[in-house]
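In what follows, a structure is listed as structure tokens, so that the remarks can point back to it.
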Amino acid sequence: MYALVDCNNFYASCERLFQPHLNGRPVVVLSNNDGCVISRSDEAKALGIAMGTPAYMSEPSFKKNDVKVFSSNYTLYGDLSDRVIKTLAAFAPRMEVYSIDESFLDLSDLYNTDLLQLGINIRKTVLQNIGIPVCVGIAPTKTLAKMANRYAKKKYKSVGVFYAANEQLKNEMLEYTEVGDIWGVGHQYALLLKKNGFHTAKDVTHIPADWMRQNMSVVGLRMLNELNGIPSIEWEYDAKSKKNICTSRSFGKLTNDYSLIKEAVSNHAATCALKLRTQSSVCTEINVFIGTNPHKVEHKQLHHAITIRCSTPTNLTKEIIGYALKGLDIIFRPDEYLYMKCGVMVLNIMPENSVQANMFDGVHRSRDKILSKTVDLVNKSMGKDTVRMAVQRFERRYKLRAGHLSSKYTTDINQILKVRI
DNA sequence: TCTGGGGTCCTAGGACCC
DNA sequence: TCTGGGGTCCTAGGACCC
């Protein structure tokens, strides 16, 4: 048996943790740049505020219903997520951290354990130790555990746990779940399934394998097995290193100022380099892209990208910035377009220690590696932008909107929660 | 008249996830 | 004024090889 533990309305719950007077009140968290709604408390959901709606469109509803709005504060969410994960790790021999707010627990080695009670304990412990409410779904496969989790949220809200312990309970859940709510079924597949007369997860379990294979490829086939209780999705007990790394942001305003875009690209490239070093990888290709605002239909649209090959695999900040700026220089069209965002992607990633030295390499790599390590250490202890390359500049002329940002309560001593007694 | 039968690798695009 | 920012996997089709 497997469990999926999912934090309820995670970002909204994180914000509420430090402002308990918001309990029972509608709370929403916005995406970067205060763009759209990405997390909602139950009260906000009840008001009909949809996921992904642009903030400016919901503004009247926020005002009318006294909704508390937050900009996203990933430093806070990341730290609380780490604490939840550490707590969960004590409950099962193996686990897979699936996302910032979800983890699978492998319970197959727990004999003679009352799994429903275990789920209840997990929920109680996380709530007590960290203050974040979670729901637990327990079932024979990952896909069914996801479903059980959702079912717990919908049907057993007060317990917060659902264990598909026997055929009857499992069937109730399968009949309750619509195809669009199955893990792995998105908008397109939901349409396809309904068109063919399959409406609930229970209906899907009866689909012939060859129909699945033909219409939904091997991905659908795996899903079919999972729904029928045969585990078919691999577990990743260790955090896998990423195969691609991408850093991109909106500018916060439309611009065609080349020096400003260079500054942004340099910073994104530096972030990619740091992410590479953090997972002890190097890349051999660097992709730079810039794009206009696709929502502005009246403007000329453009999305341009270019991929540059590195002469030697690298994770050095100055080199990656160099390649990225070289690429930008090729794709940037002065005076023609107003740009909305840009980004840098590092591709073809491999482990740092597998790199072959290049005889004609003009870079003093061993020396630069020590420099990088030192810079990373300084930035880690004194703030992430303490030491930087000159092209990145210090003044940050492009700025994301973040008008409702909460404090870094748990990671910055100057922003720690103050309590008046 | 008649034009094989394997492979591999790469890329773009589509589907999905949080 | 104002619409996020990451990822993964799979498939089809083209280029190329013998």
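For segment A:178-235, the helices (runs of 4 or more DSSP H) that sit wholly inside it and include 3 or more residues that are away from DNA strand C (no atom under 11 Å from the Cβ), on the phi < 0 side of the Ramachandran plot and surrounded by fewer than 16 Cβ atoms within 10 Å (Cβ to Cβ) are A:187-195, A:209-227. When you look at A:K240, is it at pLDDT below 95, closer than 27 Å to A:N8 by Cα and within 15 Å of DNA strand B (Cβ to nearest atom), yes or no? When the stated conditions are applied, A:K240 passes them. Listed conditions (1) surrounded by 17 or more Cβ atoms within 10 Å (Cβ to Cβ); (2) small (G, A, S); (3) modelled with pLDDT under 95; (4) within 19 Å of the chain's Cα centre (by Cα) are all met by A:S58, apart from (4).
Taking the numbered list (1) part of a loop (DSSP other than H, G, I, E, B); (2) under 21 Å from A:N256 (Cα atoms) in turn, A:Q356 passes all entries but (2). Could you check segment A:254-313 and list, in sequence order, the residues that are polar (S, T, N, Q), over 23 Å from the mean Cα position of the chain (by Cα) and in a strand (DSSP E or B)? Selection gives A:T255, A:T284, A:T292, A:T307, A:S311, A:T312. Within segment A:245-271, residues that are away from DNA strand C (no atom under 11 Å from the Cβ) sit with their Cβ atoms under 7 Å from residues that are assigned to a helix (DSSP H, G or I) and hydroxyl-bearing (S, T, Y), at 6+ positions apart or across chains, in these pairs: A:A270/A:T317. Tell me yes or no: at least one residue of segment A:6-17 is within 14 Å of DNA strand B (Cβ to nearest atom), in a strand (DSSP E or B) and under 30 Å from A:T141 (Cβ atoms). Yes: segment A:6-17 contains one or more residues that are within 14 Å of DNA strand B (Cβ to nearest atom), in a strand (DSSP E or B) and under 30 Å from A:T141 (Cβ atoms). Take the residues of segment A:116-141 that are assigned to a helix (DSSP H, G or I) and touching a Ser or Thr at 6+ places or on another chain (Cβ under 9 Å): which is nearest to DNA strand C (Cβ to nearest atom)? Only one residue tops the list, namely A:V126.
Filtering segment A:346-369 to residues that are under 12 Å from A:R277 (Cα atoms), surrounded by 11 or more Cβ atoms within 10 Å (Cβ to Cβ) and more than 26 Å from the chain's Cα centre (by Cα) leaves only A:K369.
The values are calculated or read from the model by the stated rules, or taken from the named source; none is laboratory data. Just so it is clear, the model here is predicted, and its values are computed rather than measured. Note that each Cβ is placed from the backbone with ideal geometry, even for glycine, and that neighbours are counted across all protein chains shown.
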